[in-house]
Structure formats: structure tokens, C-alpha cells
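Contents: one structure, followed by commentary.
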Amino acid sequence: LVPSIGTYFACGVVGSGDLDIIVSDESGSTRPAETWDNPFKDFKKEGFVDTEIKAFDRFDSGLRFGLSGEISDFVISFAYDLGLKKVWSGFETSTHKMKNRPASISVGYKFSL
């Protein structure tokens, strides 16, 4: 087993998302669906309901922890990224801040050329 620890720096290249905008009034609720083509730019919609959502930050940095192991020619790895930077300030409470916390598992095979 081989443990690892280090830092990472990431840059968001492209992304998209679907939004459900819920509007309530005296006559009931409606949910017009919208597509957010670029989450790195503010989303604005005017008309039926004025909506503005702040963009995600394109850059992120943090710590990476990992553990790898080899069995014969097979390699198995686990990594966990602890994002230290807020990547979105559009939704935040006193107990929750939007930070990246991804985990990954990799399986590989080593062969000679």
C-alpha cells in the first residue's frame, strides 16, 4: 500500500445544467424549466419571473489524499479531494458552504510493450 497526500489546482472548462424555477402566486405554482448553458456566467431570466443566479467560480484548489495498492499487475487506487475554496456563493448557510468534495476509485493493469 502506498499512501499519498498533496495539493491540487483545478480549472473548470465547460459545463451546463438544468434549472427548475418555481413560481408561486394566488393561482398556484408553475415550474418553467430552463437550461443554464454556461455555469461560469451569471444566469439571468426576465419576463415571467425575474431570476438571477450567481455563476460558479471557474478555479478551485485544495488537498488530495490517496491510497494505492498493487496486486501482481493490477493497480487499485482511491483518492479524495478536500476543496478549500468556495466554488459557488449563490447558496450558503451558516453550516454549509459550497466546496468540492469528490472521491474516485481507479483500477488499472500494467503491461509491457
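The values are calculated or read from the model by the stated rules, or taken from the named source; none is laboratory data. Computed from a predicted model, the values in this text were never measured in an experiment. Reconstructed Cβ throughout: ideal geometry from the backbone, glycine too, with neighbour counts over all protein chains shown. Heavy atoms of the whole protein, side chains included, go into the accessibility calculation; ligands, DNA and RNA do not. Shrake-Rupley method; radii C 1.70, N 1.55, O 1.52, S 1.80 Å.
Computed quantities for the displayed model
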{"item": "Residue satisfying all of: in the stretch 86-109; open to solvent by less than 70 Å² (accessible area, probe 1.4 Å) and at pLDDT below 95; nearest to S4 (Cα to Cα) among these", "result": "P102"}
{"item": "Meets criteria (at pLDDT 65 or above, of a type in the set (V, I, T) and either open to solvent by 100 Å² or more (accessible area, probe 1.4 Å) or not in a strand (DSSP E or B) (or both)) for T7", "result": "yes"}
{"item": "Members of the stretch 10-19 found to be modelled with pLDDT of 75 or more and open to solvent by 90 Å² or more (accessible area, probe 1.4 Å), listed by number", "result": "V13, V14"}
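So that you can scan it fast, the table gives a plain yes or no per residue for (1) touching a Pro at 6+ places or on another chain (Cβ under 8 Å); (2) modelled with pLDDT under 75; (3) over 25 Å from K99 (Cα atoms):
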| residue | (1), (2), (3) |
| --- | --- |
| I21 | yes, yes, no |
| F40 | no, no, no |
| K45 | no, yes, yes |
| K54 | no, no, no |
| G62 | no, no, no |
| F74 | no, no, yes |
